[in-house]
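Q: Dropping a structure here in structure tokens format, bear with me for questions.
The values are calculated or read from the model by the stated rules, or taken from the named source; none is laboratory data. Just so you know, these numbers come straight off a predicted model, no measurement behind them. Reconstructed Cβ throughout: ideal geometry from the backbone, glycine too, with neighbour counts over all protein chains shown.
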């Protein structure tokens, strides 16, 4: 085996490691509401979420993967660059998991890509249109999730306002199985593709995959698709229980009807973004939806101090991961490792 092939395999393993951590870190996005409303036990919930994370490749195309692989100039992409980007994202994810903060693995990866690209070749190495559009959706996805959560909760309250609470909860406990499945499908469809894009960038950099043409990203091999969906599904099975508690219990108290509305609002947002090929934060999306649902019954029902702490973690994610990846790049150079 040549050194180049060994390096490529190491990068693919590292990328799948990030994908696993993404599933582990973001398991809360898919299961927090369904666990906090006691519709499913934690063990059953992670299996439910992981299954739909995996089969998402049957539903969505690879537009998001193509977008990720074009995020930085192809001319500067090397295995060292991809490694530094992944290290930035992985370290940030582990740090925020330890602090029980539901931050975005997606934006950690984008921050890692941006940090190493700027360190190597300056801001000109970035696809500014891609990063601007993605930056816009940092705001759009939680706001859209929140608005949809408010609308759905109001519609449900209007329809079932005179129905006894016990009967409403019984019906929506069953409906939450569907909404949790749809959200997990959207989570797998958007998030697994980010790792696909990184692996494709490494394959292109080593001449093992043709670069995309006519503004499109490279074709994603089926083995990359299956490997990435398997990794994120296994990560979800491991569960990120620290963040589950923050998402499902500390932001606001949810009943099955609220859990259904939050998950459905989040799923609609993710399906829309994935269809448009835009990498969004599943964390931002479901958090916005939970806040929207919680604020309908009573504005003070939302623990705004917890929500504010989460927002600060969001703000720091891109620069934090970028700083770590840039530092990794300089350390690789000091160690005389080709970057």
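Q: Answer yes if at least one residue in the range 159-175 is under 21 Å from residue 270 (Cα atoms) and in a helix (DSSP H, G or I), and no otherwise.
A: yes
Q: All but one of (1) modelled with pLDDT of 85 or more; (2) assigned to a loop (DSSP other than H, G, I, E, B); (3) out of contact with any helix residue (DSSP H, G or I) (no Cβ under 6 Å at 6 or more places or on another chain) hold for residue 209; which doesn't?
A: All conditions are met except number (3).
Q: Okay, next question. Look at residue 110 and say whether it is touching a residue at least 40 places away in the same chain (Cβ under 8 Å), under 27 Å from residue 56 (Cβ atoms) and crowded, with 24+ Cβ neighbours inside 10 Å.
A: So residue 110 passes the test.
Q: Next question, about the same structure. Which condition number does residue 178 fail, the rest of (1) modelled with pLDDT of 90 or more; (2) buried (at least 24 other Cβ atoms within 10 Å of the Cβ); (3) under 19 Å from residue 48 (Cβ atoms) being met?
A: (2)
Q: Restricted to the range 21-53, and to residues that are buried (at least 22 other Cβ atoms within 10 Å of the Cβ) and farther than 21 Å from residue 264 by Cβ, which residue is modelled with the lowest pLDDT?
A: If we take residues in the range 21-53 being buried (at least 22 other Cβ atoms within 10 Å of the Cβ) and farther than 21 Å from residue 264 by Cβ, then 25 is modelled with the lowest pLDDT.
Q: If a residue has to be over 17 Å from the mean Cα position of the chain (by Cα), assigned to a helix (DSSP H, G or I), in contact (Cβ under 8 Å) with a residue 24 or more places away in the chain and under 19 Å from residue 234 (Cα atoms) to count, how many in the range 37-80 make the cut?
A: 4
Q: Here is a further query. At pLDDT below 90, in contact with a helix residue (DSSP H, G or I) (Cβ under 8 Å, 6 or more places away or on another chain) and under 15 Å from residue 71 (Cβ atoms): is that true of residue 134 in this structure?
A: Yes: the conditions hold for residue 134.
Q: Next up: Sort through 156, 151 and tell me the only one that's farther than 26 Å from residue 188 by Cα and not in a loop (DSSP other than H, G, I, E, B).
A: After applying the criteria, what remains is 156.
Q: Is it true that residue 13 is in a helix (DSSP H, G or I) and farther than 21 Å from residue 209 by Cα?
A: Against the criterion (in a helix (DSSP H, G or I) and farther than 21 Å from residue 209 by Cα), residue 13 does not qualify.
Q: Test of understanding: among 166, 133, which residue is within 20 Å of residue 113 (Cα to Cα) and either surrounded by fewer than 19 Cβ atoms within 10 Å (Cβ to Cβ) or over 20 Å from the mean Cα position of the chain (by Cα) (or both)?
A: The match here is 133.
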